[in-house]
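Laboratory data are not the source of any read-out in this text; all were calculated from the coordinates shown. Model, not experiment: these values are computed from the prediction. A quick note on method: Cβ atoms are made from the backbone with ideal geometry, for glycine too, and the neighbour counts reach across all protein chains shown.
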Amino acid sequence: DPFTQQEDFIGPKESMEIQCRIGADIHMAFDELTSLADTYDYNKEALERTERWAQISLDVHKQHRDDLGYRQSLYGVLQGGRWEDLRRSTAKKMGQMDFDGYGLGGAFLKSSLGDILTWCNEELPEHKPRHLLGLSRPDDILIGVENGAYTFDCVAPSREARHGRIYTKHGYYSLARQACQDCHEPLEVGCDCPTCQQGYTQSQLRQMMKSEDPKVREQYFRLSTIHNLRFTIRMMEEVRQAILDGTFQEYKEQFLKDYYGTKKKG
């Protein structure tokens, strides 16, 4: 703690108690996230710790899950790096534990995302949800859906909005570019988000982003984040409908073509 100069220890027990007090609807079991630079042997060692912590997390969670008067869910987190045997073995072990769902995590190359999800999901119980941790770009989401992920989380929509990156169905663009200075169109023509529906223009939002008044910038952060989040939610609504209609592959191909094939520059 930088204020008291005291060290605070957080382990699986402390993590579960904190998440319970916060009131999270879904808790994540305590885990160790390895890096791309870590070896197979280190990943195996870290995975053994994560699996021990998973049981401790479950035990503590069961003691506290009804403290707030409603059911709080706990997801086990699957690590294992880029190695198939580690991914499959931990999925089997976690799958036999009394978790409400599973968080699919880890540091891995984007090109291996589909394989890693397949390895995990082939071993996990079919009736429990799987959450893909820390990814929200459209291609990541579509690969995740295709390979068994149910839900997703990431700071990208809000972080990129703060820096002026705006999502549209034809890719993203930056409000910092000169073309937005005199543009009186909404962030995206036809968008149903509150920011676009209330008539805010690219020119207005660009000025707000560059303002030296903290309150004005804060308003910009909120308005641009609303737009990017609505884009992401609308995409998931379309994905669900495409699955129900049996047209997911066609939707995926067209979406990726529109978003990445004609992406705006800047």
| field | Approximate spin-label separation Tyr150-Glu7, in nm, with each point projected 7 Å along Cα-to-Cβ | value | 4.0
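Hey, fewest Cβ within 10 Å first, where do Lys44, Lys62 land in order? Write down the numbers at each step before the final one.
Working: Lys44 17, Lys62 12.
With the fewest neighbours first, Lys44, Lys62 line up as Lys62, Lys44.
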| What do you get for Rg/Rh over region 1-79 if you use C-alpha atoms and the Kirkwood form of Rh? | 1.05
| said: For the ranges 148-156, 80-88, what's the packing order if you count other beta-carbon atoms within 10 Å of each residue, average per peptide, and put the highest first? | reply: 80-88, 148-156
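Counting only DSSP beta bridges with both residues in the chain, tell me the antiparallel percent, nearest 5.
25
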| remark: Of 186-194, 236-244, 70-78, ordering from highest average Cβ density within 10 Å down gives 70-78, 186-194, 236-244
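Considering every pair of different Cα atoms, what Kirkwood radius, in Å, is found for the chain?
Working: mean 1/r = 0.0482 Å⁻¹.
That comes to 20.8 Å for the chain.
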| Can you tell me the Rg and the Dmax, both Å, for the Cα atoms in region 129-266? | 15.6, 50
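Looking only at Cα atoms, what is the convex hull volume of region 105-152 per residue, in Å³? Before the final figure, lay out each step's value.
Numbers: hull volume 3.2 nm³, N = 48.
Spread over its residues, the Cα hull of region 105-152 gives 67 Å³ apiece.
Can you compute the helix-only [θ] at 222 nm over the chain? Use -39500 (n - 2.57) per DSSP H run of at least 4 residues, normalise by all residues, nearest 500 deg cm²/dmol. Kindly include the intermediate steps, with their values, before the conclusion.
Values: 10 runs with 134 residues, N = 266.
Rounded to the nearest 500, the figure is -16000 deg cm²/dmol.
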| task | Could you compute the FRET efficiency for Arg52 and Arg21, with r as their C-beta to C-beta distance and R0 at 25 Å, rounded to 0.05? | result | 0.60
| remark: Sorted largest first, the C-alpha extents of region 12-154 along its principal axes in whole angstrom are 43, 33, 24
